[in-house]
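Have a look at the structure below, then the notes.
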Amino acid sequence: MRIILLGPPGAGKGTQAVRMVERLGIPQLSTGDMLRAAVAAGTPVGLKAKEIMDRGDLVSDDVVVGIIADRIEEPDARNGFILDGFPRTVAQAEAFDAMLREKGLKLDAVIEFKVNEGELVERIVKRAKETEARGEPVRKDDNPDVFKTRLEAYRIQTAPLSAYYADKGQLKTVDGMRPIDEVTEVVKGILGR
């Protein structure tokens with residue numbers, strides 16, 4: 001199965017992806033991890049990415065899609081993969097769709113985790129307080145101001161993907177505010193397993 005997970009930061013995509021990896025036996029692909037691996041391996045697209053990153057620039061969509069194209073050819077991803085955090089823009093989605101078509105592949109599911117943003121901010125604040133209470137360092141992403149900035153970036157750049165995939169008849173939505181186990185059951189229903 002080839003799956004894309006959409007939703008704002010903190011919506012539960014990562015939690016559900018881990019459960020899907022275990023259940024479906026397919027990898028969760030992180031564009032950041034893939035970029036670092038391609039650079040370390042010295043692949044042609046990795047060398048191009050390194051040159052761009054060394055200049056302090058953002059890696060272009062074509063380079064990111066190229067890295068994903070290489071990654072999904074690896075044996076563990078031949079039966080499918082889960083993308084969380086990519087695509088981030090409609091342009092990336094279009095480039096990704098074109099790459100899949102070239103390979104004769106298609107997406108099996110695009111699942112969006114819908115959340116109440118006000119409650120989501122409260123959830124992040126609570127998580128940060130619980131982390132501090134345990135004496136553990138709070139993730140930078142769990143700072144409410146940083147989180148609100150990320151949420152705004154999501155609204156501007158990534159939220160339009162909902163309409164893009166809905167127009168293609170591929171979008172399924174899940175109430176990401178429900179308890180984790182309930183969300184897992186809904187996702188299982190969407191995927192048929």
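Modelled with pLDDT of 95 or more and either farther than 27 Å from Glu22 by Cα or open to solvent by less than 50 Å² (accessible area, probe 1.4 Å) (or both): is that true of Val186 in this structure?
Yes; evaluated as a whole, the condition is true for this residue.
Tell me, yes or no, whether the stretch 70-80 has at least one residue that is closer than 20 Å to Gly12 by Cα, surrounded by 12 or more Cβ atoms within 10 Å (Cβ to Cβ) and either of a type in the set (D, E, K, R) or out of contact with any Ser or Thr (no Cβ under 7 Å at 6 or more places or on another chain) (or both).
no
So which residues in the stretch 130-153 are without any contact (Cβ under 8 Å) to a residue 24 or more places away in the chain and assigned to a helix (DSSP H, G or I)?
The answer is Glu130, Thr131, Glu132, Ala133, Lys140, Asp142, Pro144, Asp145, Val146, Thr149, Glu152, Ala153.
Can you name the condition, by its number, that Gln92 falls short on among (1) under 20 Å from Pro160 (Cα atoms); (2) of a type outside the set (D, E, K, R); (3) out of contact with any Asp or Glu (no Cβ under 8 Å at 6 or more places or on another chain)?
Only one criterion is unmet by Gln92, namely (3).
Name the residues in the stretch 130-177 that are open to solvent by 70 Å² or more (accessible area, probe 1.4 Å), within 15 Å of Gly118 (Cα to Cα) and over 15 Å from the mean Cα position of the chain (by Cα), would you?
Across the stretch 130-177, the qualifying residues are Asp145, Lys148, Thr149, Glu152, Asp175.
Where residues in the stretch 96-129 are of a type outside the set (Gly, Ala, Ser) and part of a strand (DSSP E or B), which of them is most open to solvent (accessible area, probe 1.4 Å)?
Lys114
Just checking, how many residues over the stretch 36-57 are open to solvent by less than 30 Å² (accessible area, probe 1.4 Å) and either within 26 Å of Lys106 (Cβ to Cβ) or hydrophobic (A, V, I, L, M, F, W, C) (or both)?
4
Can you pull out every residue in the stretch 1-24 that is of a type in the set (Gly, Ala, Ser), open to solvent by 10 Å² or more (accessible area, probe 1.4 Å) and assigned to a helix (DSSP H, G or I)?
Across the stretch 1-24, the qualifying residue is only Gly14.
Let me confirm something: among Ser60, Ser30, which residue is open to solvent by 30 Å² or more (accessible area, probe 1.4 Å), closer than 30 Å to Lys188 by Cα and among the small types (Gly, Ala, Ser)?
Ser30
The values are calculated or read from the model by the stated rules, or taken from the named source; none is laboratory data. Remember, predicted model here, so these are calculated numbers, not experimental data. Ideal geometry is used to build each Cβ from the backbone, glycine not excepted, and the neighbour counts take in all protein chains shown. Please note that ligands, DNA and RNA were not included when accessible areas were found on the heavy atoms of the full protein model with its side chains. Shrake-Rupley method; radii C 1.70, N 1.55, O 1.52, S 1.80 Å.
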